[in-house]
Each structure stands twice: as C-alpha cells, then as structure tokens.
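Derivation of every value follows stated rules applied to the coordinates shown; laboratory data play no part. The structure displayed is predicted, hence computed values, not measured ones. We place every Cβ from the backbone using ideal geometry, glycine too, and count neighbours over all the protein chains shown.
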Amino acid sequence: MKDIKILAIESSCDETAAAVIENGRKVLSNVIYSQIDLHTLYGGVVPEIASRKHIEKINPVIEQALTDAGVGLKDVDAVAVTYGPGLVGPLLVGVSAAKAVAYAAGLPLIGVHHIEGHVSANFLEHPDLEPPFLCLIVSGGHTHLVIMKDYGEYEILGRTHDDAAGEAYDKVARAIGLGYPGGPKIDKVAKEGNPKAIAFPRAKVDDCPYDFSFSGLKSAVLNYLNQAEMKGEEINRNDVAASFQAAVVDVLVEKTMHAAKEYGFKKVALAGGVASNSALRAGMKEACEKRGLTMIYPSPIYCTDNAAMIGAAAYYEYIKGNFSGLDLNAIPNLRLGERK
C-alpha cells in the first residue's frame, strides 16, 4: 500500500505551525513558530498581532516543514489545515495558505477540527493505539471529556460550562503576579507550595456528572487574595498556586475515573496544552495505576498547538475521502463532531 504523506498547517491561536506526516503516525517534520514572547508583553494573546505574525511566518514555516521532511509538493498527497475552533483572524491565515497550496499543487484539501487534532496527537507516539478509548482534552480554550468511538467519531460526555481549565490557570497566574502564560508558571511554583494549604472548592455541576466549571474556583482564589490583602496578611503565592492546581487536578481526575468505570474503558488518554502539566500527569497516572488502567499521553511538544497532530487527524479523513472544497472557511466556534 502506498505511503500517504500529508502537509498539515495549524494557526488557530499564536503558534504558526506546519508538518509533514506519513500514514497518520510517522512525523517526517514538525515546525512551530511560537509567538509567546510577543504576547507576554500584553498578558495574553492579542488576535490582531497574532494574525499579522502568522501572515509573516506562514510561508517560511511551510517551506521549512517540506525541507525538513525531505519532500516537495509533488511528493505530498494532501494538504490539511485547522479550520476551527480558534481565533478567527489566525485561523483565516492558515486556511487561506492551505487553500492556495492545495489549488496550486492540485492536491486535495482536508479541513481538520482543532480538538480532533489534539486527540490524534496520541497516535504519533503510540503506534498501537486504536479507538475506542476515553480522552480528557484540557487546553487554554477547551475542557472536554470524550469517547473516541472511531476515527473522526466522538461522543462528548462532558464539557466546561464556563472557563476552560487553561483559561483559569492564566487568570489565576495573572492575579498572583506570575504573568502569561499561566499554565507552565503555576506548575513550576506549585512544586514549592503546599497543595493542602488553602481549601479551594471542587465544583460539581448538577445533573451533569461529567461537566466542568472552573469559574467558581477562579473567583474563590481572587476572593482569598482580596481578603488577605484587606487584612494585611502575607500571601504565599506558592501555596496559592499549589492549592489552586490541586483543586483543578482533583476534579479532572475524579470525573475521568468515574467515566472510565461507568463506560468500562481500560485506556485513558490525555490531550491539549494542559496535558503537559506535571501535577495532572502525576495525579492521572496514580489514579490509573490504582485501577489497573493504561494511561496514554503525548510528549509536551505534541500537547501544545502543533501541525503534526493535525496531519495525524487528517490521515483518517483522507482514507475516508472526506475532502473539503476551496470554499472552506474558518469557523471560530466549531463544535467537536460538527462538519462543514
């Protein structure tokens, strides 16, 4: 059988990325240009600035991905691109570039859901992994607990009602003076703190056992900080970070284990930027080992936004013949399982 090579493009937020993936599992190249240093100045991603930087970097990144893979467009079988969800300006840059390359080279175009990409990142380093399995997706914009029933087929068990876990990390990090990006910084200082120092709440959503809510936890942290300030009490930000992180991890692990038991899954996967968080990995690993479950997660380079994961997801769309037209558009609020 012929090896299928896919040129994949990802630009949904502040990473300009391109990769060449073979047969949905083998990474031939994976190029990422990160804008984190630029957006740190503003305490978060500025969409207009991100869009301009994507325009500047997208062609060089694509060219580098092809060069690193040792292939030309004549060797590629399809072009894949994230078309949602994400920031509309950045998405449009990637979609426009992918359409131009596909049209010029006479290649099929495959629109990929960003969250499907995160789930598919697990295939890149686990060649024996096959659906169905349970997957917890945790990132700056998304918190989902899903069953991957088959390639491209998902059942959503739960999602966040308000802030995503990563979003809560960013807001709390800002409040305790750590700055952006919040996830890695809280993870780092939490190692020096006491996770039991402050009793922050673990939210439950009535009638929705697998749904998440982190807005109340974020508010509890802010209230704690305000009250301490008003009383003139010294704030140990390491303890605040550790206690906040423990509250997030407890909820994520508890709901995932509950779902694994109820639905009878022996394989549990992590995906998304927060999947590289050391406390979440440790907590999930301990819970899985206690129950005899197999825990699967990507390396950190495949947890954050990257194009390799988009190429992995696209391969299975290619096999099914699910191609997009040149009228493919960016859909910033695209839901998992939704096709356009």
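Okay, here's what the table says:
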{"item": "Cross-link pairs Lys185/Lys285; Lys26/Lys285; Lys26/Lys74; Lys149/Lys267 - those with Cα-Cα distance over 24 Å", "result": "Lys26/Lys285"}
{"item": "Centre separation in Å (Cα based) which lies between region 1-23 and region 167-187", "result": "30 Å"}
{"item": "Angle between the chain longest axis and helix 215-230 axis [Cα atoms, degrees, rounded to 10]", "result": "40 degrees"}
{"item": "Relative exposure of Cys135, Cys13, Cys303, judged by other C-beta atoms within 10 Å (fewest first)", "result": "Cys303, Cys13, Cys135"}
{"item": "Whole-Å semi-axes of the ellipsoid equivalent to region 59-137 (Cα gyration tensor, √5λ, descending)", "result": "25, 18, 11"}
{"item": "Ranked Tyr33, Tyr315, Tyr103, criterion: other C-beta atoms within 10 Å, fewest first", "result": "Tyr103, Tyr33, Tyr315"}
{"item": "The chain: most fluctuating residue of Leu91, Leu109, Leu293 per GNM, C-alpha cutoff 10 Å", "result": "Leu293"}
{"item": "Between 0 and 90°, nearest 10: helix 237-263 axis offset from the chain longest Cα axis", "result": "60 degrees"}
{"item": "Helix 47-69 vs. the chain, principal-axis angle (Cα, 0 to 90°, nearest 10)", "result": "50 degrees"}
{"item": "Charge tally in the Cβ shell below 12 Å around Lys2, where Lys, Arg are +1 and Asp, Glu are -1, Lys2 excluded", "result": "-3"}
{"item": "Linear extension gain, Gln227 paired with Ile49, 0.36 nm per residue minus alpha-carbon span", "result": "60.4 nm"}
{"item": "Sorted by Cβ neighbour density within 10 Å, fewest at the top, the residues His144, His39, His118", "result": "His39, His144, His118"}
{"item": "Share antiparallel - DSSP beta bridges, the chain, percent rounded to 5", "result": "60 percent"}
{"item": "Distance histogram in 10 Å bins (all Cα pairs of region 132-240, percent per bin)", "result": "14, 38, 30, 14, 3, 1"}
{"item": "The chain: relative contact order in percent, alpha carbon pairs under 8 Å with at least 6 residues between", "result": "24 percent"}
{"item": "Label-point gap, in nm, between Ser299 and Cys208 - each point 7 angstrom along Cα→Cβ", "result": "3.7 nm"}
{"item": "GNM flexibility winner over the chain from Tyr316, Tyr224, Tyr83 (Cα, springs under 10 Å)", "result": "Tyr224"}
{"item": "Karplus-derived HN-Hα couplings along region 323-331 (A = 6.51, B = -1.76, C = 1.60, θ = phi - 60°), whole Hz, x at Gly and Pro", "result": "9, 9, x, 6, 8, 3, 10, 6, 10"}
{"item": "Gain in span if fully extended, Tyr263 to Ile319, counting 0.36 nm per residue against the direct Cα distance", "result": "17.3 nm"}
